[in-house]
Amino acid sequence: MCGEWNTLVEEVDRPLPAATADSAVPVALSEVPAAGSVPLTTEIPELDRVLGGGLVPGSVTLVGGEPGIGKSTLLLQVLAEMARAGRRCLLVSAEESPAQVRRRAERLGALIPGVWLVGETSLVGIQAAIAEVAPDVVVVDSIQTVWDGEIDSSPGSVGQVRGCAQILVALAKSGGPAIVLVGHVTKEGALAGPRVLEHMVDTVLSFEGDRHHALRLLRAVKHRFGPTGELGLFEMTGDGLTGVDDPAGLFLADRRSSVPGSVVFPAMEGYRPLLVEIQALVVPTNMPSPRRSVSGYDSGRLALLLAVLDQRVGISLADQEVYVSVVGGVRIADPGADLAVCMALASARTYRPIADDLVALGEVGLGGEVRQIAHTPRRLAEAARLGFTKAAAPPSSPKSDGISVRSVATLGEALERSLGPETSSPKLRVVGSTGH
Ligand code: TYD
Ligand code: MG
């Protein structure tokens, strides 16, 4: 029995198996020919940015995202643009009827002759369509609805999804087209099906965003042909997705000045700096365990920062409900946001707003010290470019043109130097506004 003692059978010396005609022959690594395939541009710059140039012929890309986020929209736009550039494109619609796809294409201005469409869920039918059209690019929307009668499990099951994907991967690898598989991910992140595909495919892209916001973020979770750090930004509009090359306006456009609890953090998304507003709101409560609610931020990190605020600067929020939100549907997991979050919380608690033209960056340690974070010069340069004139940052931060860096060694020092004069209490403000 495997796993029991004394069950290992001694291996008998075997003669080396003779190489057969189709065995692979080892070659010196340096003698391996460089991969000949040049990526095909998708004609969508934000997508090319994430892919490091485009879709590699014979590769398989999985695009995951929640239902309704815009996967079908994005990929139809990709096919239309690629067809415009002279590529042969095939869309396998395994979920929506051809009439529905046509309606979307009309809306997107994507009724291009070079885009072929087949409404098909059976793998055999899809293979036949690929053989007939001989496309450069194929989109299968979605892989979860594709089935193969040869595979002994029910349609939609993990076995089916994996089996069908395997055959499509083999087809792409044998000199086939670039294949893009669409996979729905549920809120819990269980890519029911698609997650089991991640190791099979070359590239996994994740399409994210809050359905109630226009902003969509595209990132590579896995990429065999390049780095995974790049972020693509899109805005969902009435006629499809539009790339956002300068996201600054999108995030800070509706910002109100002099409101306590608001601090701007120069985040890095991939290699791109992105300024985001972090908001905090605190409300007194008698509840024994007051509510802590986060949007776009980590609740565990918030708990830690609340403890540091309490112990190191004496700002206790134990009798307050606490809400922290990263504006615009962005998620921040960067510890470099610690200082900005702490400052937003302290500002909200004390009704002392922070200057509108200040950004805050730095990791906050358990001792209340402010620590250096990665990419500080790029973050500061972007803040300066967008008109911010002051930065609260750890002492070791380099100087930066156009922005004056206030070095703050501790959280206490940061608060002392950044919190403005107290504004009127909320009750007074209501009285004031009803007086108009
Ligand atoms: P869709 O691409 O169908 O999402 P997915 O394939 O990820 O499930 O997009 C769904 C949403 O996008 C839908 O709510 C309508 C919206 N939408 C627009 O806002 N503008 C558009 O031009 C299109 C085509 C869709
Ligand atoms: Mg869809």
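Suppose we look only past 35 Å in the calculated P(r) of the chain. What percent of the Cα-Cα pairs does that tail hold?
Working: 43155 of 94830 pairs.
Value for the chain (Cα pairs over 35 Å): 46 percent.
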Fill in the blank from the handout: The helix 98-108 Cα axis meets the longest alpha-carbon principal axis of the chain at an angle in degrees, between 0 and 90 and rounded to 10, of 40 degrees
Handout entry: Distance histogram in 10 Å bins (all Cα pairs of the range 146-230, percent per bin)
Key = 15, 42, 32, 10, 0
Problem - Helix 299-313 vs. the chain, principal-axis angle (Cα, 0 to 90°, nearest 10) - result: 20 degrees
Problem - Helix-only CD estimate at 222 nm, as mean residue ellipticity for the chain, using -39500 (n - 2.57) per DSSP H run (n ≥ 4) - result: -8500 deg cm²/dmol
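Under Stokes-Einstein, with the Kirkwood radius over Cα pairs standing in for Rh, what whole-number D in µm²/s applies to the range 250-418 at 4 °C and 1.567 mPa s? Provide the component values of the computation, followed by the final result.
Working: Rh = 15.6 Å.
Answer from the Stokes-Einstein relation: 83 µm²/s.
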Practice task
For helix 123-133, report the angle its Cα long axis makes with the longest principal axis of the Cα atoms of the chain; keep it between 0 and 90° and round to the nearest 10°.
Solution key: 80 degrees
Problem - Euclidean distance between Cα centres, the range 376-407 to the range 56-119, Å - result: 43 Å
Practice task
Determine the distance separating the Cα centre of the range 326-363 from the Cα centre of the range 249-282; give it in Å without decimals.
Solution key: 8 Å
Handout entry: When the convex hull of its Cα atoms is projected in every direction, mean area for the range 346-397 (nm²)
Key = 4.2 nm²
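Here, each number is a calculation from the coordinates, and none is a lab measurement. Please read these numbers as outputs of a predicted model, since none were measured by experiment.
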